[in-house]
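A.B. asks: Got a structure for you, questions after.
Rule-based calculations on the coordinates, nothing more; no lab input. Bear in mind the structure is a predicted one, so any value in this text is a computation, not a measurement. Methodologically, a virtual Cβ is constructed for each residue, glycine included, from the backbone with ideal geometry; neighbour enumeration extends over all protein chains shown.
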Amino acid sequence: DAGVTQSPTHLIKTRGQHVTLRCSPISGHKSVSWYQQVLGQGPQFIFQYYEKEERGRGNFPDRFSARQFPNYSSELNVNALLLGDSALYLCASSLVAGGNEQFFGPGTRLTVL
Amino acid sequence: AQSVTQLGSHVSVSEGALVLLRCNYSSSVPPYLFWYVQYPNQGLQLLLKYTTGATLVKGINGFEAEFKKSETSFHLTKPSAHMSDAAEYFCAVSQNFGNEKLTFGTGTRLTIIP
């Protein structure tokens, strides 16, 4: 079975631009969460979606938004990129909300110049 | 509020020696605790988790961890290190079973000396 997949693998943007990151959960998983991992730090929770509804949000500005589609895939959008947004963005899926065992994808490495 | 502290950002052990990675947590409610491993250029892989029940938890690749409520600790151990254990290790806490918002520590990079 395919694991969590994320695209693109790497991305370079300039300050002020917009970026969209994509995530496909494991087949049958209905919950998707997004994390930001800045170099040298642990991942930080951004969003959780379950059944297309936002279930949780971390301490991130409104420039960050996300959505989940009927096939349970998800997009993370970041507007007005800042240098500090450079990070590895991880997507994790779980069977149901509250399942608590999350499976992580390989991440998207975003570099903002 | 919840937080995780991992003591030692870098740990080096000889191949075959004991691995001990330290994790202390702070949580206002009974915690759910996790250890994840991250190999270079890869995502996170779950090593083991504590939810309820037995406080000594066994995971994959020979790792185990013990939940000690009195010490608010969840240290990760492995009796004999292998070269393939070299990676970054993250301890994480979740507030309750229905909350998948994981709070991670800053990680410990484990180096294995041949």
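A.B. asks: Taking 7 Å along the Cα-to-C-beta vector as the label spot, tell me the B:GLU71-A:ASN77 distance in nanometres, rounded to one decimal.
C.D. replies: Distance between the two pseudo-spin positions: 4.9 nm.
A.B. asks: To continue, here is another question. Using +1 at the Cβ of each Lys and Arg and -1 at the Cβ of each Asp and Glu in chain B, identify which of B:VAL37, B:SER70, B:ALA87 lies farthest towards the dipole's positive end.
C.D. replies: Going by the Cα projections, it comes out as B:SER70.
A.B. asks: Could you pull out the GluC sites (Glu not before Pro) across segment A:1-84 that fall in loop regions by DSSP (anything but H, G, I, E, B) with no more than 12 other Cβ atoms inside 10 Å?
C.D. replies: When the GluC sites (Glu not before Pro) of segment A:1-84 are filtered for loop state and at most 12 Cβ neighbours within 10 Å, A:GLU51 remain.
A.B. asks: Hey, got the average number of other protein chain Cβ atoms within 10 angstrom for residues in B:85-92?
C.D. replies: 1
A.B. asks: Still on this structure, I have one more. Give me the number: length gained by fully extending B:SER80 to B:VAL29, i.e. 0.36 nm times residue separation minus the C-alpha to C-alpha distance, one decimal in nm.
C.D. replies: Length difference between fully extended and current span is 15.0 nm.
A.B. asks: Report the FRET efficiency, 1/(1 + (r/R0)^6), for B:LEU18 and A:VAL96, where r is their Cβ-Cβ distance and R0 is 41 Å, rounded to 0.05.
C.D. replies: After rounding to 0.05, the efficiency reads 0.60.
A.B. asks: Determine the sum of side-chain charges near B:ARG109: Lys and Arg each +1, Asp and Glu each -1, restricted to other residues whose C-beta is under 12 angstrom from that of B:ARG109.
C.D. replies: Numbers: positive: none; negative: B:ASP85, B:GLU88.
Overall, the nearby charge balance is -2.
A.B. asks: Going by how many other Cβ atoms sit within 10 Å of their own, how do B:PHE34, A:PHE104 line up, fewest first?
C.D. replies: A:PHE104, B:PHE34
A.B. asks: How high is the relative contact order of chain B? Use alpha-carbon pairs under 8 Å, at least six apart in sequence, and give a whole percent.
C.D. replies: Reported as a whole number, the value is 38 percent.
A.B. asks: So for chain A, averaging the separation of alpha carbon pairs under 8 Å that are six or more residues apart and normalising by length, what relative contact order in percent results?
C.D. replies: Across chain A, relative contact order equals 37 percent.
A.B. asks: For segment A:18-50 and segment A:60-113, what is the separation of their C-alpha centers, rounded to whole Å?
C.D. replies: 3 Å
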